[in-house]
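For reference, the structure is listed below as structure tokens.
The values are calculated or read from the model by the stated rules, or taken from the named source; none is laboratory data. Just so we're clear, the structure is a prediction, and the values are computed from it rather than from any experiment. Using ideal geometry, Cβ is built from the backbone for each residue, glycine included, and neighbour counts are taken over all protein chains shown. The protein model used for the area step is the full one, side chains on, heavy atoms only, and it has no ligands, DNA or RNA in it. Shrake-Rupley method; radii C 1.70, N 1.55, O 1.52, S 1.80 Å.
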Amino acid sequence: MTTTHRTYGIYALEFLGLTSKEVREIGWVHDIKWAFMVGAKPERKFELDHAQVLFGAADSSGLKLEICPRMSGGHLPGVMVPTTLQGSLTTVAEGPKTKFTTRVSQEALEQAGLTSAVLFEASCSLECTVSDMPTLEEQTEAQIQEELAANRALEGQEPLFGDVQAEVQQVEAERQHRADLAAHLNAAPALDEPVFVDAGPVPPRLVIDPKQPDEDLPFNLPDTDGAAD
């Protein structure tokens, strides 16, 4: 059996009485006792499986009273006044009849041009409009489903940290190379004598001879005259 998800309903009411009181920071309010009308037309008849739309509207500030004042045996056009649900529903064996209480502020009635006295003679209905905003439970469930979908999308893919692992392996190889080199140097025997390294053939010595016997040179040549000895 498929259950239709309702987002709107308007249900005929039977007025049972009201209690007026002053509430701090709100002002005067009227707590009105109602029963859903048992003999209402089908389009305005409340059934117990409609409780979901009633409580959904209450949670999303979507409750309004449609008040149709009676005058000269007829009804004036309906006036919509915001209201709130007080307490829970009570189902009694009269019909069965479902009773409940809503609260209306005196300010809201005055803005609609009404007084609380009109409720004794008016025809009233309760309009329930469920907001399309998701509830906290629905938001949490949606977030969980998104995370599960993301996890499934990651299955079969290469590790996200593959590049990091390659860098770690490279650093470890370099460290091992330095350790091997240090071990090799420490194992070499100590040398008591200086070590001479063959630097290759010695370049020829440059000899400067004067072009002329009396040519001045920037330095004195050694005496090579054997006769002077």
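Things to note:
- Those residues of segment 79-98 which are in contact with a Ser or Thr (Cβ under 8 Å, 6 or more places away or on another chain) and closer than 12 Å to Ala112 by Cβ, in sequence order: Pro82, Thr83
- The set of residues from segment 126-149 being charged (D, E, K, R) and at pLDDT below 95 comprises Asp132, Glu137, Glu138, Glu141, Glu146, Glu147.
- Filter result (aromatic (Phe, Trp, Tyr) and modelled with pLDDT under 95) within segment 72-125: Phe120
- Residues within segment 40-53 that are open to solvent by less than 80 Å² (accessible area, probe 1.4 Å) and farther than 17 Å from Thr91 by Cβ, tallied: 1
- Only listed residue being out of contact with any Lys or Arg (no Cβ under 7 Å at 6 or more places or on another chain) and open to solvent by 40 Å² or more (accessible area, probe 1.4 Å), chosen from Gly73, Gly56: Gly73
- Annotation: of all residues in segment 23-39 being at pLDDT 95 or above and of a type in the set (D, E, K, R), the one that is surrounded by the most Cβ atoms within 10 Å (Cβ to Cβ) is Asp31.
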